[in-house]
Each structure stands twice: as structure tokens, then as C-alpha cells.
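Colleague: Attaching a single structure in C-alpha cells format; questions to follow.
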Amino acid sequence: MPCGASSWGACSTPISTPARGLGRWGVAAEVYGYTSGSAGAGQGGLLGAVTVRPAEWLVVDGGGVVGLGAAGRDQLFLGVTTNLGRIFK
């Protein structure tokens, strides 16, 4: 989304692609920023993640964020996405 294109003042440049030659694996990266407002100070960061698809109906991802600026926070995350329709097919 281009900077300033939303009422939230968000700006991000996502890059997400399957890792070539690694089959079920993928990588994602994003540079993002939010302007300050009533919810708090502006913040931004660099996000990186690795994904793996152990089954047709399951994706597991994990990664981290390096905060940019005074209000930016470093973070780690782990997530699971599933398609329940595929499980019971």
C-alpha cells in the first residue's frame, strides 16, 4: 500500500515468495510504518518470516520484527493457518 493511501497513515512494502527449489518452504519480508495518532506514537519495522506447508491444509509460519525508530518494538511470532474444508474432504 502506498504511503498515506489509507486513513490509518500506514505504509508498507510487502515481499512474499515461495523459496525456489525448497518445495513446501517459503519466505516473506516487509518494511512497514504507521504514523502517530490517537492510538499512540508512530512506529515502523522490518519483518521477516519463514513458512512451511506440512500438509495441503496447513501452513506454519514464524519470524520476527526489528523495530525502527523510538517507538518501534522488536517482536517474535509463530502462527498457524488451516483450511478446515481440506481436512474433512
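Colleague: Please specify each residue of segment 39-57 satisfying the condition of being within 13 Å of residue 25 (Cα to Cα) and at pLDDT 90 or above.
Modeller: Our first condition is that a residue be within 13 Å of residue 25 (Cα to Cα); within segment 39-57, this holds for 49-56.
Scanning segment 39-57 gives 49, 50, 51, 52, 53, 54.
Colleague: Can you name the residue in segment 39-55 that is in contact with a Gly (Cβ under 9 Å, 6 or more places away or on another chain) and not in a strand (DSSP E or B) and is also farthest from residue 23 (Cα to Cα) among such residues? Walk me through it before giving the result.
Modeller: So the first thing to find is which residues in segment 39-55 are in contact with a Gly (Cβ under 9 Å, 6 or more places away or on another chain), and the list is 41-53.
With the extra rule that they be not in a strand (DSSP E or B), the set shrinks to 41-42.
On the way: 41: 41, 42: 38 Å.
Filtering segment 39-55 for residues that are in contact with a Gly (Cβ under 9 Å, 6 or more places away or on another chain) and not in a strand (DSSP E or B), the one farthest from residue 23 (Cα to Cα) comes out as 41.
Colleague: What are the residues in segment 64-89 that are under 20 Å from residue 34 (Cα atoms) and among the small types (Gly, Ala, Ser), if any?
Modeller: Kept after step one, since they are under 20 Å from residue 34 (Cα atoms), are these residues of segment 64-89: 64-77.
Selection gives 64, 67, 69, 70, 71, 72.
Colleague: Would you tally the residues in segment 58-89 being closer than 19 Å to residue 24 by Cα and either in contact with a strand residue (DSSP E or B) (Cβ under 6 Å, 6 or more places away or on another chain) or in a strand (DSSP E or B) (or both)?
Modeller: Final tally of qualifying residues: 11.
Colleague: Testing residue 17 on (1) modelled with pLDDT of 60 or more; (2) under 14 Å from the mean Cα position of the chain (by Cα); (3) not aromatic (Phe, Trp, Tyr), one condition comes back false. Which one is that?
Modeller: Failed condition: (1).
The values are calculated or read from the model by the stated rules, or taken from the named source; none is laboratory data. Note that the structure is a prediction, hence the values are computed from the model and not measured. Every residue, glycine as well, gets a Cβ built from its backbone with ideal geometry; the counts of neighbours run over all protein chains shown.
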